[in-house]
Amino acid sequence: MVALFPRPRAAHPAEPHLIDLAPQILLFLFIAAFVAGFIDSIAGGGGLITVPAMLIAGVPPLHTLGTNKLQSLFGSSSATIAYARRGHVNVHDQWPMFAMAALGGALGAVLATIVPGEVLKAIMPFLLVAIGLYFGFKPRLSDEDRHQRITPFLFGLTAVPLIAFYDGVFGPGTGSFFMLAFVALAGFGVLKATAHTKMLNFGSNVGAFLVFLLNGVILWKAGLIMGLGQFIGAQAGSRLAMKSGARVIKPLLVITCLGLAIRLILDPTNPVRVTLGF
């Protein structure tokens, strides 16, 4: 997942090697990443935890974006490995979609300063509420596959890069959007959709990470420590999801969508609140 806040426009960000975090802060970030990895491997929304945690820890916004992508790689790859080992996603067959997700994520990160981030911040809470309600009230959601509305080729050519592009530009709710696309368009069951979501989220993370890497805005110590927390948390979360399937994924997905929407609405910089004077 990407940041909850718009991209900073500082022309000369602080050098990563000049930013040193105390051991207790690194421990705090490790715990936050573990919780985020656990939740994200099931329902998405890990960035709702890791991005505010890094900002609270005093990490500059631009470095928060880059470091968040580094640690997210561990969580999404960990969940992908866990689901692949149990046969819920065929990694070999999904490489074309993975590549499209990586391309979309990279383009989104490159064009982040051009895309109207304030507009995205304004509409995202309402879209997330709609997704939460869809999964909350849609009857007969299960782990069984259903009729697909578009072909895998068209799905990989349209939905995948578009959602991944959004991940690179803004990010909150990317996992929820992938889940919705897999269930509503590709006809996947909930567990299968979750497994494939993590692989494509891994792809978009790779693409965006490379862009931030080239811009030199990654705190490697913090990112790797958080990555360890993400990896462990994602292993635990994915195992719970595979054990319980739709029974645990569906409610957690609804809660995550609504929680993320509330978090965005409560952000003092949210354009809707600013416009209405709240």
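For Ser204, the conditions (1) modelled with pLDDT of 80 or more; (2) among the small types (Gly, Ala, Ser); (3) at positive phi are fulfilled apart from (3). For the structure I just gave you, tell me whether Val51 is surrounded by 21 or more Cβ atoms within 10 Å (Cβ to Cβ) and part of a loop (DSSP other than H, G, I, E, B). When the stated conditions are applied, Val51 does not pass them. Close Cβ contacts (under 8 Å, 6 or more residues apart or on different chains) running from residues in the stretch 40-64 that are farther than 21 Å from Arg239 by Cβ to residues that are at pLDDT below 80 and among the aromatic types (Phe, Trp, Tyr) comprise Val51/Phe5; Leu55/Phe5; Pro61/Phe5.
Given the criteria under 29 Å from Leu210 (Cβ atoms), modelled with pLDDT under 70 and in contact with a helix residue (DSSP H, G or I) (Cβ under 6 Å, 6 or more places away or on another chain), does Pro161 qualify? Spelling it out, it is not the case that Pro161 is under 29 Å from Leu210 (Cβ atoms), modelled with pLDDT under 70 and in contact with a helix residue (DSSP H, G or I) (Cβ under 6 Å, 6 or more places away or on another chain). Only residues that are assigned to a loop (DSSP other than H, G, I, E, B) and either at negative phi or among the hydroxyl-bearing types (Ser, Thr, Tyr) (or both) were counted in the stretch 54-73, giving 3. Counted as qualifying within the stretch 146-223 are the helices (runs of 4 or more DSSP H) with 3 or more residues that are under 11 Å from the mean Cα position of the chain (by Cα) and buried (at least 24 other Cβ atoms within 10 Å of the Cβ), namely 159-169, 174-184, 190-214. Any idea which of (1) buried (at least 23 other Cβ atoms within 10 Å of the Cβ); (2) at positive phi; (3) of a type in the set (Gly, Ala, Ser) is the one Ser76 doesn't satisfy? With (1) buried (at least 23 other Cβ atoms within 10 Å of the Cβ); (2) at positive phi; (3) of a type in the set (Gly, Ala, Ser) applied to Ser76, the lone miss is (2).
The values are calculated or read from the model by the stated rules, or taken from the named source; none is laboratory data. A quick note: this is a predicted structure, and the numbers were derived from the prediction, not measured. Heads up, the Cβs are rebuilt from the backbone with ideal geometry, glycines too, and the neighbour counts pull from every protein chain shown.
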